[in-house]
Amino acid sequence: MALAGRLTRARFGQTHGAAESSGLGDHFVYGIMGDGDMMEGVAGEAASLAGHLGLGNLIFVYDSNQITIDGSTDLSFSEDTAAIFRARGWHVSDSVDGQDVQGLRRALEDARSETTRPSLIVLETVIGRGSPNVAGQSKAHGAKLGAEEVALTKQAMGWLEEPTFWVPDEVQAYCAERVREKQADRVAADARLQAWRTADPESAASWDAIRNGKFPEDLGTRLAQGRRGIQDATRNHSKAVLTELAEIVPQLIGGSADLAGSAAPPMLAGRGIVGPGAEKGEDPFLGRNIHFGVREHAMGAVSNGIALDGTFIPYCGTFLIFSDYMRPSIRLAALMKLRAFFVFTHDSFFVGEDGPTHQPVEQVDSLDAMPGLTVFRPADGVETAMAYGWGLQHAQGPIALSLSRQGLPALDRPEGFELKDILRGAYRVRDTADSPDVILLASGSEVALCLETADSLAKGGVEAQVVSMPSLELFDAQSESEQLKLIPDDGTPVVAVEAGCGERFRRYVGRRGLIHGLKRFGESAPYKDLATRFGFTPEALSRSVQEHLERSRSSQS
């Protein structure tokens, strides 16, 4: 969120010709953290990145009461946090007494005056302070005091025992005065913003366009037209689409976890580096390319913060296998219904020589199981472009794209096909003249395999329809009648094909259906050798389908 503020200030905080700035992006972002937060890995990742970027608008108050659920932090935590944060490039005020209100006020003022470094205020406190039997103990962490201890605490503090909930008059008066002050601040801020609008209407119009976030209804189809007929890896299609979108969507901003050259999101040409990597003389926050470093968890969390700010649309990317490191951030994005693009490449055992540690098997199934997350696993450039278009126009939450490392053919779609059919989540790419003997269901790189397999089966007298299903979530959102057009309940065998677990297709194939997937970890070898070893060739898949059809016929006789 602090980064989004700096990005906003660099673009709209200053004016061209007006006497004063708009005030946009001038705010501070405050946070409160405890001992447990300080131990979490994502805190270290994020603090490191914030210090590197010099986010002087970020202020955290560390409530250091040295207690966690299990007891004293001496059990598990002995770091010099102030020294660590100084080493990360933070301004630190340490050993501030938690009961010294004026001392805290001075520390906050010092933090606000530090414009080139984020600030940490280490506040030394006592958990449950004032409670005779609980203060300074772990049982104050998550349990109620109880009526008796509340009464004892009030007595110890010289507080009225009745009424149960009491706010002194002077506190009410103070808060009312602060409300009046802030209302006056809002009036002044509105006046300053209006003066900026008058002095710089061009920048004001750009600001309004970005905040409105409206996109052409045909955005996806326009992008898809440029991807027709191109044989390439879907990760490269994604790069091309994002690069094109950068010219259309000025609020698009993002980067990758140290993988810009080999993985997912592109370095947007001519769009600058955010932070210390900026060109000399350029505002470091005018850039659009974020180098997240090898900090996947924080990368996802930072993207969420940018999305929450509401001005920019974030994307971030890494290998699909590393989505495991990002899962808490992705889950929170889904929970909060944030518009963010999580771009994952190298999405199957077709990664090849990197071996089983880098070959995702269960990751797509895991992402598909997450409520509120729309997963796209496109089969070619057209599906990739339509996924981005849908995400910008219609998404009510985050999007995850699962993209291939290896090159894929451009699908030859049937006559009469309309691009909007892709956004039903599934569509038929190969039909049969009569009722099919089997329906082959796949997404991503396996769609092309199914098309080859269908041709092979036809030579043996088996007629197969092929359905591409780039998004199970979009397909599930269709009416039952629409779903039955592609996957009827008339007993036609359905075979799902996925270069991974593939269990996400179970609800479509049924208990008697076949999922031709990979129920084990991969191996290190050239991807074509692995395709042969794991049965992902037209010949092997044809045999698997024919054997399944024979079993189905036997069970019915």
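The values are calculated or read from the model by the stated rules, or taken from the named source; none is laboratory data. All values reported here derive from a predicted model rather than from experimental measurement. Reconstructed Cβ throughout: ideal geometry from the backbone, glycine too, with neighbour counts over all protein chains shown.
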Legend entry - Those residues of the stretch 305-339 which are under 9 Å from the mean Cα position of the chain (by Cα) and in a loop (DSSP other than H, G, I, E, B), in sequence order: Leu338, Arg339
Inset, instruction - Mind listing whichever residues of the stretch 357-374 are in a loop (DSSP other than H, G, I, E, B) and of a type in the set (Gly, Ala, Ser)? - result: Ala369, Gly372
Inset, instruction - Please enumerate the residues belonging to the stretch 418-438 that are in contact (Cβ under 8 Å) with a residue 40 or more places away in the chain, of a type outside the set (S, T, N, Q) and either more than 20 Å from Gly513 (Cβ to Cβ) or outside any strand (DSSP E or B) (or both). - result: Leu419, Lys420, Ile422, Leu423, Arg424, Gly425, Ala426, Pro436, Asp437
Legend entry - Contacts under 8 angstrom Cβ, first residue in the stretch 275-288 being under 16 Å from Gly13 (Cβ atoms), partner modelled with pLDDT of 80 or more and of a type in the set (D, E, K, R), 6 or more apart: Phe285/Arg6; Phe285/Arg9; Leu286/Arg11
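Would you mention how many residues in the stretch 469-482 are free of Cβ contacts under 8 Å to residues at least 40 places away in the same chain and part of a helix (DSSP H, G or I)? Walk me through how you get there before you give the answer.
Taking the stretch 469-482 as the starting set, the residues that turn out to be free of Cβ contacts under 8 Å to residues at least 40 places away in the same chain are 479-481.
Keeping just the survivors that are part of a helix (DSSP H, G or I) gives 480-481.
Looking only at that region, the number is 2.
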Inset, instruction - For the stretch 444-482, name all the residues that are closer than 20 Å to Leu549 by Cα and of a type in the set (Gly, Ala, Ser). - result: Ala454, Ser456, Ala458, Gly460, Gly461, Ala464
Inset, instruction - Spot the failing condition for Ala18; the list is (1) modelled with pLDDT under 95; (2) among the aliphatic types (A, V, I, L, M); (3) in contact with a Lys or Arg (Cβ under 7 Å, 6 or more places away or on another chain), and only one is missed. - result: (3)
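Just to verify a result, which residue in the stretch 221-241, among those that are of a type in the set (A, V, I, L, M, F, W, C) and surrounded by fewer than 23 Cβ atoms within 10 Å (Cβ to Cβ), is farthest from Ser402 (Cα to Cα)? Give the derivation first.
Quick first cut of the stretch 221-241, residues of a type in the set (A, V, I, L, M, F, W, C) only: 223-224, 230, 233, 240-241.
This time we only want the ones that are surrounded by fewer than 23 Cβ atoms within 10 Å (Cβ to Cβ), so: 230, 233, 240.
Numbers: Ile230: 19, Ala233: 11, Ala240: 16 Å.
Across the stretch 221-241, the extreme among qualifying residues is Ile230.
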Legend entry - the stretch 82-120: number of residues that are hydroxyl-bearing (Ser, Thr, Tyr), surrounded by fewer than 18 Cβ atoms within 10 Å (Cβ to Cβ) and within 28 Å of His141 (Cβ to Cβ): 1
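Within the group Leu401, Leu441, Leu449, which residue is assigned to a helix (DSSP H, G or I) and either surrounded by 24 or more Cβ atoms within 10 Å (Cβ to Cβ) or in contact with a strand residue (DSSP E or B) (Cβ under 7 Å, 6 or more places away or on another chain) (or both)? If you could, list the steps in order and put the result at the bottom.
Working: Leu401 fails: assigned to a helix (DSSP H, G or I); Leu441 fails: assigned to a helix (DSSP H, G or I).
Matching residue, one of Leu401, Leu441, Leu449: Leu449.
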Legend entry - Evaluation of Phe77 against (1) assigned to a loop (DSSP other than H, G, I, E, B); (2) in contact with a helix residue (DSSP H, G or I) (Cβ under 8 Å, 6 or more places away or on another chain); (3) closer than 25 Å to Gly275 by Cα (one fails), failing number: (3)
Legend entry - Residue identified as among the aliphatic types (A, V, I, L, M), part of a helix (DSSP H, G or I) and either surrounded by fewer than 21 Cβ atoms within 10 Å (Cβ to Cβ) or modelled with pLDDT of 95 or more (or both) among Val343, Val294, Val302: Val302
Inset, instruction - Only residues that are assigned to a helix (DSSP H, G or I) and either at pLDDT below 95 or over 25 Å from the mean Cα position of the chain (by Cα) (or both): list them for the stretch 223-232, please. - result: Gln225
Inset, instruction - Kindly indicate whether any position in the stretch 452-468 is at pLDDT below 95, acidic (Asp, Glu) and either within 32 Å of the chain's Cα centre (by Cα) or not in a helix (DSSP H, G or I) (or both). - result: no
Legend entry - Residue check, Arg186 among the basic types (Lys, Arg), more than 24 Å from the chain's Cα centre (by Cα) and assigned to a loop (DSSP other than H, G, I, E, B): no
Inset, instruction - Being touching a Phe, Trp or Tyr at 6+ places or on another chain (Cβ under 7 Å) and among the small types (Gly, Ala, Ser) is the filter; apply it to the stretch 211-263 and report the residue that is nearest to Arg288 (Cα to Cα). - result: Gly254
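Name the residue that is nearest to the chain's Cα centre (by Cα), counting only residues in the stretch 53-74 that are in a strand (DSSP E or B) and within 14 Å of Leu120 (Cβ to Cβ).
Our first condition is that a residue be in a strand (DSSP E or B); within the stretch 53-74, this holds for 58-64, 67-68, 71-72.
After this cut, where a residue has to be within 14 Å of Leu120 (Cβ to Cβ) as well, the list is 58-64.
Values: Leu58: 21, Ile59: 24, Phe60: 23, Val61: 26, Tyr62: 26, Asp63: 28, Ser64: 30 Å.
Result: Leu58.
Results for (1) in contact (Cβ under 8 Å) with a residue 12 or more places away in the chain; (2) in contact with a Lys or Arg (Cβ under 8 Å, 6 or more places away or on another chain); (3) within 23 Å of Leu338 (Cβ to Cβ); (4) hydroxyl-bearing (Ser, Thr, Tyr), shown as yes or no for each residue.
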| position | (1), (2), (3), (4) |
| --- | --- |
| Ala205 | no, no, no, no |
| Thr221 | yes, yes, no, yes |
| Arg228 | yes, no, no, no |
| Leu242 | yes, no, yes, no |
| Ala257 | yes, yes, yes, no |
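Can you find even one residue in the stretch 128-136 that is out of contact with any strand residue (DSSP E or B) (no Cβ under 8 Å at 6 or more places or on another chain) and hydrophobic (A, V, I, L, M, F, W, C)?
Yes, the conditions are met somewhere in the stretch 128-136.
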Inset, instruction - Select from the stretch 507-523 the residues that are in contact (Cβ under 8 Å) with a residue 40 or more places away in the chain and surrounded by 16 or more Cβ atoms within 10 Å (Cβ to Cβ) and list them in ascending order. - result: Tyr508, Val509, Leu518, Gly522
